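Asks: Take a look at the following structure, please.
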Amino acid sequence: MGIVTADRLFQRQLSTIMTMRYAARILSPNPQNTKSNFIDKVRLYVRGGHGGNGKVKYGGKGGQGGHVYVVGEKGATLRKLIRKNPSKRIQASAGCDSTLRALLGAPGENVELMVPAGVSVCLDSGEIIGEVNQFGDRVLIARGGEGGGPQNRFLPQQGDAHSISLDLKLIADVGLVGFPNAGKSTFLKAVSRASPKIASYPFTTLKPQLGIMNYNDHRKISVADLPGLIEGAHYNIGLGHSFLKHVERTRVLLFVVDVTGFRLSLNHQERSAYETVLLLNKELELYKEELVTKPSLLVVNKMDLRGTEDIFRRLKDQILALKESASSIPHDLASEEYVNFDDIISISAKNQENVDEVKEKLRMIIDRYDSLEKEAELQDNLEKAQDLTKSRLSEHTGKGLV
Ligand SMILES: Nc1nc2c(ncn2[C@@H]2O[C@H](COP(=O)(O)OP(=O)(O)OP(=O)(O)O)[C@@H](O)[C@H]2O)c(=O)[nH]1
Ligand SMILES: [Mg+2]
């Protein structure tokens, strides 16, 4: 009896220590991680330039105030943007006044803010005023004021002024989703040249990181490694689920689960691999329903550990029977809709076993996705052309030409 009590006491102390260490890591993250260059949201105050004055006596026109644009550029990051504009106030220059020598005043200089692809520009009201989806995309975020002249009774206009947010959502082909410690970063390291931090404690990855998978025919597929999700992430437990915005634009989700399951601390319930799949499904659905309908692949990791073959076999059967057994899934694990996995593959990311198979499978899914997209685009164009022909025909019929 005494032994049991001492053991319980020890377990409780150990679990308190683990919870404290875990909380300390979340509240004051490892400096190695916070060094990351990754910033995914920036708020700026932007103002277009004032219009120049027109020369009243000669009917001259002041120059147009400069505009402020956001422009997609390769290699740009939101951190570089802040470093260049630490005050976060951006103002384009005013248009020049018209003079006797130059009745049309010169326009003010535009300002271009360089951002990476994947940035949405939002007003404080939440309205999206533009998106930079690829390099070269340009969004006008503050118009310069018109110069004074006969057209406006020589009253030059002020430029637009408002606060905007630049919200970056990574654009990657594949997004890694999983509980902490499942081996997501180890997988990224195995398939790319990225060198993410890997450690045996949860929440090692605090910020998303991109890696590129290279194929023999020079095809490249980008993979986004994300922080771990845990149950209750939608209540902001763990790192919350706000980083899931980064999988919204990925084409395929790669679920990574630890075959031995997960337990955050002794205070938390132990979850089997099957339960972690159900909980990931649930957290994704609670973040955004559409995410569970994305093309997905399930990899079951750490298969180098002893006795895992049986667990894998059972897990595979359970996942394949998921839809039929949905009604018997306990409420805390159940979702409205379940992910339809393209395949379930067992791997050892650490020993690089079966990772090439996953790489090939991802490529197959993306290729299929590409051709479906092209087909849909063709179909769309065809329908548009048919509609156009029909409306032209009916125009002619209306005019009695046919
Ligand atoms: N035995 C075994 N251990 C693995 C394998 N893959 C990863 N690990 C170990 O599992 C631990 C967690 O690996 P990470 O790659 O950091 O896991 P993660 O999913 O990125 O974790 P978070 O960043 O915390 O979400 C590390 O100690 C890895 O060495 C594997 O295939 N086999
Ligand atoms: Mg990680």
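All of the numbers you see were taken from the coordinates with simple rules; none came from a lab. Being a predicted model, the structure only gives us computed values, none of them experimental. Positions of Cβ are backbone-derived with ideal geometry, glycine not excepted, and every protein chain shown enters the neighbour counts.
Asks: Going by Cα centres, segment 72-86 and segment 279-352 are how many Å apart?
Replies: Spelled out, the Cα-based centre of one part sits 38 Å from the other.
Asks: Using the eigenvalues of the Cα gyration tensor, what equivalent ellipsoid semi-axes result for segment 138-212 when each is taken as the square root of five times the eigenvalue, whole Å, largest first?
Replies: Over the Cα atoms of segment 138-212, the ellipsoid semi-axes are 51, 13, 8 Å.
Asks: Once you treat every alpha carbon in segment 41-168 as an equal point and sum by Debye, what is log10 I(q)/I(0) at q = 0.18 Å⁻¹?
Replies: -0.84
Asks: Rounded to the nearest 5, what is the percent of antiparallel bridges among the DSSP beta bridges in the chain?
Replies: Counting DSSP beta bridges with both partners in the chain, the antiparallel share is about 50 percent.
Asks: Mind sorting Val292, Val257, Val223 by how few other Cβ atoms lie within 10 Å of their own Cβ, fewest first? Before the final figure, lay out each step's value.
Replies: On the way: Val292 20, Val257 29, Val223 25.
Lowest to highest Cβ neighbour count: Val292, Val223, Val257.
Asks: Putting +1 on Lys and Arg Cβ atoms and -1 on Asp and Glu Cβ atoms, find which of Val292, Leu244, Gln209 reaches farthest to the positive end of the dipole of the chain.
Replies: Going by the charge dipole, the pick is Gln209.
Asks: Given that compact globular proteins tend to follow 2.2 N^0.38 Å, what is the ratio of the alpha-carbon Rg of segment 174-368 to that value?
Replies: 0.95
Asks: Would you please give the residues with an amide H less than 5 Å from that of Ile90, counting only those at least 5 places away or on a separate chain, with H modeled from the backbone geometry?
Replies: So Ile90 has HN proximity to Tyr45, Val46, Arg47.
Asks: With charges only on Cβ, +1 for K and R and -1 for D and E, what is the dipole size of the chain about its Cα centre, in debye, rounded to 20? Walk me through the numbers before you get to the answer.
Replies: Values: 54 positive and 48 negative charges, 413 e Å.
For the chain, the charge dipole is close to 1980 debye.
Asks: Taking every pair of alpha-carbon atoms in segment 287-402, what share in percent sits in each 5 Å bin, from 0 to the bin with the longest distance?
Replies: In order of increasing distance, the bins hold 2, 9, 11, 13, 13, 12, 10, 6, 5, 5, 4, 4, 3, 2, 1, 0, 0 percent.
Asks: Got a sec? How would Ser348, Ser195, Ser185, Ser200 order by Cβ neighbour count within 10 Å, fewest to most?
Replies: Ascending Cβ contact count within 10 Å gives the list Ser200, Ser195, Ser348, Ser185.
Asks: Something else: Pairing the Cα long axis of helix 273-287 with the longest principal axis of the chain, what angle in degrees results, from 0 to 90 and rounded to the nearest 10?
Replies: It works out to around 20 degrees.
Asks: Placing +1 on the Cβ of each Lys and Arg and -1 on the Cβ of each Asp and Glu in the chain, which of Gly60, Val111, Gln134 has its Cα farthest towards the positive end of the resulting dipole?
Replies: About the Cα centre, the residue reaching furthest to the positive side is Gly60.
Asks: Something else: Can you give the angle from 0 to 90° between the axis of helix 308-320 and the longest principal axis of the chain, with both taken from C-alpha atoms, to the nearest 10?
Replies: Result, in degrees: 60.
Asks: Let me ask something else. Once the Cα atoms of helix 2-27 and of the chain are each reduced to a long axis, what angle between those two axes, in degrees from 0 to 90 to the nearest 10, is obtained?
Replies: 10
Asks: If Lys and Arg each add +1 and Asp and Glu each add -1, what is the summed charge of the other residues whose beta carbon sits under 9 Å from the beta carbon of Ser185?
Replies: With Lys, Arg at +1 and Asp, Glu at -1, the neighbours total +2.
Asks: Next question. Amide H neighbours of Ala142 under 5 Å, counting only residues 5+ apart in sequence or on other chains, H built in-plane at 1.01 Å?
Replies: The answer is Val68.
Asks: Computed from the mean reciprocal separation of all distinct C-alpha pairs, what Kirkwood hydrodynamic radius does segment 339-394 have, in Å?
Replies: 14.5
Asks: Could you put Lys84, Lys184, Lys61 in order, starting from the residue whose Cβ has the fewest other Cβ atoms within 10 Å?
Replies: Least crowded to most crowded, the residues run Lys84, Lys61, Lys184.
Asks: Give me P(r) over the chain, computed from all C-alpha to C-alpha distances, binned every 10 Å, as integer percentages.
Replies: The distribution over the chain is 4, 17, 22, 20, 15, 11, 7, 3, 1, 0, 0, given as percents.
Asks: In whole Hz, what ³J(HN,Hα) sequence does segment 199-212 give by Karplus (6.51, -1.76, 1.60; θ = phi - 60°), x for Gly and Pro?
Replies: Computed from phi, the couplings for segment 199-212 are 7, 8, 10, x, 6, 5, 8, 10, 10, x, 9, 9, x, 10 Hz.
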